[in-house]
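Data block below; observations after.
The values are calculated or read from the model by the stated rules, or taken from the named source; none is laboratory data. Computed from a predicted model, the values in this text were never measured in an experiment. As a convention, Cβ positions derive from the backbone with ideal geometry for all residues, glycine included, and neighbour counts pool all protein chains shown. Heads up: the accessible areas ignore ligands, DNA and RNA and are worked out on the full protein's heavy atoms, side chains in. Shrake-Rupley method; radii C 1.70, N 1.55, O 1.52, S 1.80 Å.
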Amino acid sequence: MPRIFCIGRNYLEHIEELSNQRPTEPVIFMKPGSCLTPVGLPITYPAHGNDLQHEVEIVYRVDKFGRFENSMELADQLDGVTIGLDLTLRDAQFELKKKGLPWEKAKAFDGSAPIGKFMPVDKTTRFDNLNFGCRVNGIERQSGNSGLMIFSIAKLLKAISRIWELLPGDLIFTGTPAGVASLEVGDEIEIFSDFTDSFRWSIVE
Ligand code: MG
């Protein structure tokens, strides 16, 4: 199973909507690979919280082993890009943050990483100008552009790989733009971008 690195607080308007501080270095957390929910399976509403929220994010897949340096070409180090959801139990996260405890119960539960199908990354990939977003029951909730990321994918690869040498197949969720909101049982969530198909999941009990 792949390792999943996730980046928090990477879009200014999302930092503001949750009243968080702008970070001076990337906020990194992880989810186990067992969190992945491929297209075609439902999202089960977690039993241990009451405020499940969507965070649509651009997701990259690592191609090469090692540490990333500025001199390297992104297109050589990454082999795929898609969009996914960093599903978050916001009520659980709020309680954990208040107590200074780790976030896993709020962000790394089973099914917390629905993910679309990967598109190849190559020299034509516009890493700093990718549009993406999500709709719930047909209504747009989030839209973003990778150019608004505080830390670019190159900076993220460098920051992550200083601590964890990259492995082929590692996934990197790059942070969510503003507009995060609650999901209910029965909702249908669709994520879309200008570089992939769109992908949808239903929320079930
Ligand atoms: Mg997120």
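With K and R counted +1 and D and E -1, the other residues having a Cβ less than 10 Å from that of S198 yield a net charge of 0. Helix 90-99 against the longest principal axis of the chain: what's the angle in degrees, Cα atoms only, rounded to the nearest 10? Roughly 80 degrees between the two axes.
Applying the criteria of a DSSP loop state and at most 14 other Cβ atoms within 10 Å to the GluC sites (Glu not before Pro) of region 1-95 yields E69, E73. If you take every residue apart from G33 with its C-beta less than 15 Å away from the C-beta of G33, what net charge results, scoring Lys and Arg +1 and Asp and Glu -1? Local charge sum for G33: 0. Solvent-accessible surface of region 1-144, averaged per residue with a 1.4 angstrom probe and all protein chains in place: 50 square angstrom. Charging the Cβ of each Asp and Glu at -1 and of each Lys and Arg at +1, and nothing else, the dipole of region 59-205 about its Cα centre rounds to 540 debye. Straight-line cross-link partners of K123 among the aspartates and glutamates, defined as a Cα under 16 Å from its Cα and at least 8 positions apart when in the same chain: D63, E73, D76, D79.
Largest mean-square fluctuation among L101, L78, L130, in a Gaussian network model of the chain whose springs join Cα atoms under 10 Å apart, belongs to L101. Rounded to the nearest whole Hz, the Karplus-based 3J(HN,Hα) values (6.51 cos²θ - 1.76 cosθ + 1.60, θ = phi - 60°) of region 186-202 follow the sequence x, 5, 10, 10, 10, 10, 9, 7, 8, 10, 9, 5, 9, 9, 9, 9, 9, with x at glycine and proline. Of T44, T124, T82, the order by accessible heavy-atom surface (1.4 Å probe, DNA, RNA and ligands excluded), from most exposed downward, is T124, T44, T82. Close amide-amide hydrogen proximity is noted between G80 and R61, V121, each under 5 Å apart and 5 or more residues distant or on a separate chain (H modeled in the peptide plane; Pro and chain starts excluded). Shown in residue order for region 47-53 are the 3J(HN,Hα) couplings computed by the Karplus curve 6.51 cos²θ - 1.76 cosθ + 1.60 at θ = phi - 60°: 7, 9, x, 10, 9, 7, 10 Hz (x for Gly and Pro).
In this structure the amide hydrogen of G169, modeled in the peptide plane, comes within under 5 Å of the amide hydrogens of V62, D63, none closer than 5 places in sequence on its chain. Taking the longest Cα principal axis of the chain as reference, the axis of helix 153-163 is set at about 90 degrees.
I want the local charge near A47. Using Cβ-Cβ distances under 14 Å, sum +1 for each Lys or Arg and -1 for each Asp or Glu among the other residues.
Working: positive: K105; negative: D51, D91, D110, E205.
With Lys, Arg at +1 and Asp, Glu at -1, the net is -3.
Annotation for region 52-66 versus region 166-198: alpha-carbon center distance of 9 Å. Sparsely packed loop sites in region 70-157 (the trypsin sites (Lys or Arg not before Pro) outside DSSP H, G, I, E and B with at most 13 other Cβ atoms within 10 Å) comprise K117, K123, R126. Within the chain, what whole-number % of the accessible surface is contributed by carbon and sulfur, with the 1.4 Å probe and all protein chains included in the calculation? Of all accessible area on the chain, carbon and sulfur atoms account for 51 percent.
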